[in-house]
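A short write-up of the structure that comes next.
The values are calculated or read from the model by the stated rules, or taken from the named source; none is laboratory data. Bear in mind the structure is a predicted one, so any value in this text is a computation, not a measurement. A quick note on method: Cβ atoms are made from the backbone with ideal geometry, for glycine too, and the neighbour counts reach across all protein chains shown. Accessible surface areas use protein heavy atoms only, side chains included; no ligands, DNA or RNA. Shrake-Rupley method; radii C 1.70, N 1.55, O 1.52, S 1.80 Å.
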Amino acid sequence: MKQLPAHYYEIMEELQAVDFVILELTLYLDTHPDDHDAISQYNMYVKTRKQIKKKFEKEFGPLTNFGYSYSNYPWDWKDAPWPWQV
C-alpha cells in the first residue's frame, strides 16, 4: 500500500468528526423536530461536510460510489487506498 501524507489523515479525521456531529444531531432531531437551533446547526454541519468532502476528493479521490462522487479521468474508483482501508 502506498504511503499517504499526514494531510490525508487530517482531512479524514475532520470529516469523521463532522459526520459524528451530523449523526448526533439527526438522532436529537428525531425526538425534537421543532428545535430551530438544532436544525440550523444540522444544516451548517451538512454544508461543512460537503466542503470537506469536496476538498478530500479533489486531492485523494472519491469517498463513495454509486453516483455520490465525481470521477477523475481516467476512472479512479478502483485506486486504493479506499477510506475503509486506512
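Quick notes on this structure:
- Between Q41 and Q16, the FRET efficiency from the beta-carbon distance, with R0 = 22 Å, is close to 0.80.
- Chain lengthening between L4 and L63 when straightened (0.36 nm per residue, less Cα-Cα): 19.7 nm
- Heavy-atom surface of the stretch 1-52, accessible at 1.4 Å and reported per residue (Å²): 75
- Per-residue ³J(HN,Hα) for the stretch 7-16, Karplus 6.51 cos²θ - 1.76 cosθ + 1.60, θ = phi - 60°, Hz, x for Gly and Pro: 4, 4, 5, 5, 5, 4, 5, 4, 5, 5
- Approximate spin-label separation H32-K55, in nm, with each point projected 7 Å along Cα-to-Cβ: 2.8
- Rolling a 1.4 Å probe across all protein chains gives M44 an accessible area of roughly 100 Å².
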